[in-house]
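Down below is the structure, laid out as structure tokens.
The values are calculated or read from the model by the stated rules, or taken from the named source; none is laboratory data. Remember, predicted model here, so these are calculated numbers, not experimental data. When we count neighbours, we look across all protein chains shown, and the Cβ atoms used for this are built from the backbone with ideal geometry, even at glycine.
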Amino acid sequence: SRPSEAQDFVDMLRGMGNEVILCHPEWSHTNWADYGQLRGLLAVEAYNNVCEMEDATGYAQARWDEFLRAGVRICGVASDDCHRAQHVMGGWVQVYAEALTQSAIMDALMAGRFYASNGPEIHRIAVEGRRISVACSPCERVQFVTDRIGNPAVYGEQGVVYEASFTAPPQASY
């Protein structure tokens, strides 16, 4: 659909009390001209497990990054998009909600109190000024991403990382 039609659809859904996520943009073969002007989205699907397993089009971090570089603050989510049993637990969102209720979960999502993953669990995130620290379940690496060149990956001893820290450069906007 044309971008204005897509925005009308987003506006209609939000007007009905829904939140809207741009799903599997890599698999859909869309580009910035198709979705770059959309506003009112809760998130962009940065990872979709079934798209990755079936079509090698599950990773869409670059699409998320396009929004961020354009100054649009939008969250990234991950999903199984489960069509069959083997797709389960390939991507998820961990929400930090005050209670296990729909309203508390939605409040947390809207406030950005969640993370998306297709691998490690994040046990702790701390931000002090421009420094961010992460503690997680065992993983191969922790990759920090900003809008600047030279984003470091932290690798652990014997190939396992449990925690990592990074100080973002002063010019970084995210």
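Test ALA85 against the stated conditions and say whether it is of a type in the set (A, V, I, L, M) and loosely packed, with under 12 Cβ neighbours inside 10 Å. The answer is yes for ALA85.
Okay, residues lined up against (1) modelled with pLDDT of 95 or more; (2) within 24 Å of PHE144 (Cα to Cα); (3) not in a strand (DSSP E or B):
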site: THR30; (1), (2), (3): no, no, yes
site: GLY40; (1), (2), (3): yes, no, yes
site: ALA46; (1), (2), (3): yes, yes, no
site: ALA62; (1), (2), (3): no, yes, yes
site: ASP65; (1), (2), (3): no, yes, yes
site: GLY71; (1), (2), (3): no, yes, yes
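Please enumerate the residues belonging to the range 127-174 that are under 18 Å from GLY71 (Cα atoms), free of Cβ contacts under 8 Å to residues at least 60 places away in the same chain and not β-branched (Val, Ile, Thr). So that I can check it myself, show each step before the final result.
Initial filter on the range 127-174 (under 18 Å from GLY71 (Cα atoms)): 145-149, 168-174.
Now restrict to residues that are free of Cβ contacts under 8 Å to residues at least 60 places away in the same chain: 146, 148-149, 168-172.
ARG148, ALA168, PRO169, PRO170, GLN171, ALA172 - these are the residues of the range 127-174 that are under 18 Å from GLY71 (Cα atoms), free of Cβ contacts under 8 Å to residues at least 60 places away in the same chain and not β-branched (Val, Ile, Thr).
Check whether at least one residue in the range 2-20 is surrounded by 19 or more Cβ atoms within 10 Å (Cβ to Cβ), in a helix (DSSP H, G or I) and either among the small types (Gly, Ala, Ser) or at pLDDT below 95 (or both), and report yes or no. Taking every residue of the range 2-20 in turn, none turns out to be surrounded by 19 or more Cβ atoms within 10 Å (Cβ to Cβ), in a helix (DSSP H, G or I) and either among the small types (Gly, Ala, Ser) or at pLDDT below 95 (or both). Counting only strands (runs of 3 or more DSSP E) that fall entirely inside the range 99-174 and contain at least 2 residues that are surrounded by 15 or more Cβ atoms within 10 Å (Cβ to Cβ) and under 14 Å from the mean Cα position of the chain (by Cα), the qualifying elements are 114-117. Taking residues in the range 57-70 that are within 21 Å of GLN171 (Cα to Cα), and partners anywhere that are aromatic (Phe, Trp, Tyr) and assigned to a loop (DSSP other than H, G, I, E, B), the pairs with Cβ atoms closer than 8 Å and at least 6 places apart or on different chains are LEU68/TYR174.
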